[in-house]
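Report on the following structure.
We did not get these values from a lab; they are worked out from the coordinates using the rules stated. It should be emphasised that the depicted structure is a prediction, and the values quoted were computed from it without experimental measurement. Methodologically, a virtual Cβ is constructed for each residue, glycine included, from the backbone with ideal geometry; neighbour enumeration extends over all protein chains shown.
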Amino acid sequence: MNRGEGKLSVVVDRVDTITPMIKRFSFRARDGGELPRFSGGAHVIVEMPDGEILRRNPYSLMSDPADPSRYAISVRRDEAGRGGSRFMHEKVREGMELTISMPVNMFPSDRRARKHLLLAGGIGITPFVPHILELAAAGAAFELHYNVRTREQGAYAEDLARRFGDRVHVYETDLGEGFDLDAILSDQPLGTHLYVCGPKGMITDVIGRASEFGWPGQNVHYEEFLAPQPGKPYQVELARSGITVEVASHQSLLEAIEAAGVDAPYLCRGGACGQCETAVVSCDGQILHNDHYLTDEEKASGEKIMVCVSRFEGRRLVIDR
Amino acid sequence: MLVEGIKSRPVYGVLAPQPGLSHIIVAEGEGAEAVLRMAEAAPAGFFAKSHLIFVPRGGDRPDRADGLRALGAADFQSVGSPADAAAAVATLLRDAKMGTQVYVTGTEGLIGLVVQAAETAGIDHASIHTEHRGSMARRVQCVHCKGITENVTTQPVKCSHCGLTLLVRDHYSRRIGAFQGVCIDAEEPGTAPRPEELFK
Amino acid sequence: MTIVFNEETFRDDFTFRNSPVAIKRFPFPFHEDRYMYSVNIEPHVKTAPGSVYEHAFDVDEHYVAEMRDRELVLAEDPLRCQSLPHMELAGWDLLELIMTSKAEDYPDLFELYRDGDSWRWINRPLGIDDSFTFGDASTLPYGPMEYITRQTQGDFALLDQRDGNLWMDAGIVTTQADWSLDFDIGMNFFEWHGPVPLAHDMRVFERALKFLLNLQHGKPARRLNWTMTINPRLDTSPENYHKWGTDRATVTPENVGNLVHLRVELQTFWRLPRSNAIVFPIRCYLIKMDELVTVPKWAKRLHRVLKTLPPELIDYKGLSRYHGMTVEWLSRYDDGSPTSPGFFPDDWQDFQR
């Protein structure tokens, strides 16, 4: 296993169709050994050799942290996305060899919590599966509220409800159900930590309401991943490498840099960790900052760009890479 | 070890009303004025959800307590010492819910004790609202014997437990609720400078 | 390589000494003739066979004596080892990391047998053979962090990661250069570094914090730090400063070679997988001036580094009382000729063979 490089060679062990939109992929180590341990909320970057393009997408691990024999991820098919999820759905078969990164956790639980309150929407359930298994094994107090459109689409809802009984609450939004946020937020013991993962609107609502109810920011956690958004194609000059790269509309700047054979650091590929921060040498146009790592002042200054998710529109952009 | 310019001092803010389901407000001496100032910005109904704890200082003007009482808090308590105030906060927080805000204003000693009590109850220190008012006197922990010396106003100071002469460093432990005191003449015993009033 | 463990002390009669091999492999921290404060972090990969970088956790001739000294410190002051309640899982992570590393790197000294959660650990130098259940602290004589670090050289800090910061929430500290775990436990990265001068150029610290927050499992990092100590005293704690502080006034031009020691910390940084915490081992190496000058390159370089050290660092590192005498003493070993680049002695290649 190529651990020194922070990468793992795995074989696709199983592919399960959970719903027409969601597939679950299970991986085992290619050398037959144990996979590295991980903590609930961790993700891996899956490398996808898609013809000429090497795609790298982050996915939350959703297998049991206590089981080092397998990793599992869930992939929701995104027709409008840049193609990673379509590749996973259409091309990845059992027995295929893949390269993934070592697990990285940007969404860990706070072990000081007196209680863990988990709010999930749709595919946002995935990081919570290992969280719940970990919390249950440790005997920690937790409560999950999970909004899905229909029972059938509620990937993993049945299984969680069966295993964890009244600590798991599932709501079908197509039936007009949904968790009662105000009731939940106003009746939690001091020292509760709140975690939310799901559609952007839901995350915004939960964070906003929690703040209005006097929940301190230290107790509110959310999965910060952003998929790089497609946009208009553009050119970027890499000052140190002395080359110009073309960024296609369905490609991120980081992917374009990598495709040109230039090494660039990254960890989350979702605008959260700050590892790919790159200095802007000159900019004649508008940087479309899509990350939530840089502060508003830093974004306004135009001196830095997070190449994993941000884009550019304008005449000329030169970056220090 | 005896270096000047250490930067790990606590930073205190200015109290302002926060959104919340209930509020616990602790004031000591001049801290009453910080609460009265906060009250000017408080939305209607704020004090009806509040529990106010006051620690009068010796020589306090009696109208301080009256001013606080007039805010109409759901409950008003006057206690004898910062330690009593911290104990009262601990009791109130025992069955508290998320959405309970804690405010504390007064000397660093009082703030330290209340922050400790609130952290023990499960509140992250960064979400406790503090404003420093009144004396700059410090609680100092002797790093050698671990004894606490209260109301320290001089630099250096004699440890009230082991008797070593301590340099009071600007290094503060929230967990202990005290500044660090380190023997000032360890390298040449008997050469400690004369104490000067520094923290008034 | 068989290690012969020294019978030696780090207190009272100070019989600590370095063998010629230990001198050659000493992690000399200056790669040029002038010291510049920098973060200087590099990957902790196994390099330079024979050096302290050959293994994940270096075990050397001082191992058994250092563990005995730790036992004495803990018996006198149990607060040198503390773990806040939420850090126990990180302790198990650390135990696993050290046991698997040592069993792999030193199979003649350490053995580990695992069957699920049933583990058996054999530590030959310390005469330990324990069976226990991984994850169940009641099956060990101490908590997991304390158990394994009573068997591992160096201080350890376990850092919890939350709110974009690192929190020193557990540790064992008996060989420290002047900081108190009991006082600093629970502090964040900026708070516990508060007393470090020059670091107030916050950008240096912000960069270091960002690096650590993004530290990956399987990609440990390391750096060297240094100071000087009078006598080969491991436990230069603030707790006992009133007892050892007088050492500094005992240096005379005649005894510099025997009393003044260069103290180097090999600091490593590891992401722990189960807890997402970071462990920060701080391994201390000591060498007296008499021993150090047996490597001519180091004698010349240390003389030049100390001579050009900024006054605020002389103060911070506590060298004021004996800095001048030490520079003067070392000048005898510096003929002004150029030194070769890098850390290693000039005959390092021969030594490796």
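Given contacts defined as C-alpha pairs under 8 Å and at least six residues apart, what's the relative contact order of chain A, whole-number percent?
Relative contact order here is 14 percent.
Please list 3J(HN,Hα) in residue order for region C:260-270, calculated via the Karplus relation 6.51 cos²θ - 1.76 cosθ + 1.60 where θ = phi - 60°; whole Hz, with x for glycine and proline.
Values per residue, Gly and Pro as x: 7, 10, 7, 10, 10, 9, 8, 9, 10, 9, 9 Hz.
Give A:LYS7/A:LYS299; C:LYS24/C:LYS300; B:LYS158/C:LYS243; C:LYS288/C:LYS317; C:LYS46/C:LYS219; C:LYS219/C:LYS297 a once-over and call out the pairs whose C-alpha atoms are over 22 Å from each other.
A:LYS7/A:LYS299; C:LYS219/C:LYS297
Please state, rounded to one decimal and in Å, the Kirkwood hydrodynamic radius that chain A gives when every pair of distinct Cα atoms enters the mean of 1/r.
So the Kirkwood estimate lands at 20.9 Å.
Could you give the nm distance between label points at C:LYS243 and C:ASP347, where each point is 7 Å from its Cα heading toward the beta carbon?
Once both label points are built, they end up 4.0 nm from each other.
Taking amide H atoms as placed 1.01 Å from N in the peptide plane, list the residues 5 or more away in sequence, or in a different chain, whose amide H sits under 5 Å from that of B:ASP170.
Long-range HN contacts for B:ASP170: B:ILE6.
Kindly state, to the nearest 0.05, the FRET efficiency for A:LEU175 paired with A:ARG86, given R0 = 30 Å and r defined as their beta-carbon distance.
0.50
Bin width 20 Å, alpha-carbon pairs only: give the P(r) of region C:20-339 as whole percents, running from 0 to the bin holding the largest distance.
Whole-percent P(r) values from 0 Å outward: 31, 59, 10, 0.
Find the percent of Cα-Cα distances in region A:115-222 that exceed 25 Å, and round it to a whole number.
Considering region A:115-222, 14 percent of its Cα-Cα pairs are separated by more than 25 Å.
How much mean residue ellipticity at 222 nm does chain B get from its helices, if each DSSP H run of length 4 or more adds -39500 (n - 2.57) and you divide by all residues, to the nearest 500 deg cm²/dmol?
-6500 deg cm²/dmol
Compute the projected area of the convex hull of the Cα atoms of region A:3-105, averaged over all viewing directions, and report it in nm² to one decimal place.
6.5 nm²
Over all pairs of distinct alpha carbons, what does the Kirkwood formula give as the hydrodynamic radius of region A:31-88, in Å?
12.8 Å
Using the alpha-carbon centroid of each, what span in Å lies between region C:306-343 and region A:255-306?
Between the Cα centres of region C:306-343 and region A:255-306 lies a distance of 43 Å.
Multiply the residue gap between C:ASP108 and C:VAL21 by 0.36 nm, knock off their C-alpha separation, and tell me the result in nm, one decimal place.
29.4 nm is the gain from fully extending C:ASP108 to C:VAL21.
Compute a Gaussian network model of chain A, connecting alpha carbons closer than 10 Å, and tell me which residue from A:ARG269, A:ARG162, A:ARG86 fluctuates the most.
A:ARG162
In whole Hz, what ³J(HN,Hα) sequence does region C:100-110 give by Karplus (6.51, -1.76, 1.60; θ = phi - 60°), x for Gly and Pro?
Coupling constants for region C:100-110: 5, 5, 5, 5, 6, 7, 10, x, 7, 9, 10 Hz.
Using Cα springs under 10 Å in a Gaussian network model of chain C, which residue among C:ASN240, C:ASN225, C:ASN188 shows the largest mean-square fluctuation?
C:ASN240
Most mobile of C:HIS261, C:HIS323, C:HIS193 per a Gaussian network model of chain C (Cα springs, under 10 Å)?
Taking springs between Cα atoms under 10 Å, the residue moving most is C:HIS193.
Percent of alpha carbon pairs in chain B separated by more than 26 Å?
Here the long-distance tail beyond 26 Å is 36 percent of all Cα pairs in chain B.
What's the Kirkwood radius of region C:1-139 in Å, using all Cα pairs?
17.9 Å is the Kirkwood radius here.
From the C-alpha gyration tensor of region A:83-137, pull out the three semi-axes of the equivalent ellipsoid (sqrt of 5λ each), sorted largest to smallest, in whole Å.
Semi-axis lengths for region A:83-137 are 30, 14, 11 Å.
Which length gain, in nm to one decimal place, applies between A:GLU313 and A:GLU52 when the Cα-Cα distance is subtracted from 0.36 nm times their residue separation?
Going from the current span to full extension adds 91.4 nm.
Could you give the nm distance between label points at C:SER118 and A:SER69, where each point is 7 Å from its Cα heading toward the beta carbon?
For C:SER118 paired with A:SER69, the spin-label model returns 1.8 nm.
Which whole number gives the average count of other chain Cβ atoms within 10 Å of the Cβ atoms across peptide B:180-193?
Other-chain Cβ atoms within 10 Å of each residue's Cβ, averaged: 4.
Can you give the % of DSSP beta bridges in the protein assembly as shown that are antiparallel, to the nearest 5?
70 percent
Can you give me the relative contact order of chain B as a percent, contacts being Cα pairs under 8 Å and 6 or more apart?
RCO, chain B: 21 percent.
Starting from the 7 Å offset along Cα-to-Cβ, what nm value, one decimal, do you get for the label separation of B:ALA65 and C:THR133?
5.7 nm
Using only the alpha-carbon atoms, how far is helix C:202-213 inclined from the longest principal axis of chain C? Give it as 0 to 90 degrees, nearest 10.
Tilt of helix C:202-213: around 30 degrees.
Relative contact order (percent) for chain C, with alpha-carbon contacts under 8 angstrom and 6 or more residues of separation?
21 percent
Given R₀ = 41 Å, what would the calculated FRET efficiency be for C:VAL4 paired with B:GLU188, taking r from the Cβ atoms and rounding to 0.05?
So the FRET efficiency works out to roughly 0.50.
List the cysteines of chain B that have no other Cys Cβ closer than 4.7 Å: which are they?
By the Cβ distance rule, which asks for a partner under 4.7 Å, the isolated cysteines are B:CYS183.
Provide Rg over Rh for region B:1-90; use the alpha carbon set for both Rg and the Kirkwood Rh (inverse mean inverse pair distance).
In region B:1-90, Rg relative to Rh is 1.06.
What is the Cα radius of gyration of the protein assembly as shown over 2.2 N^0.38 Å, N being its residue count?
Rounded to two decimals, the normalised Rg is 1.02.
I'd like to compare C:87-96, C:119-128, B:135-144: which one has the highest average count of other Cβ atoms within 10 Å, and what's the full order after that?
Taking the mean over residues of other Cβ atoms within 10 Å, the ranking is C:87-96, B:135-144, C:119-128.
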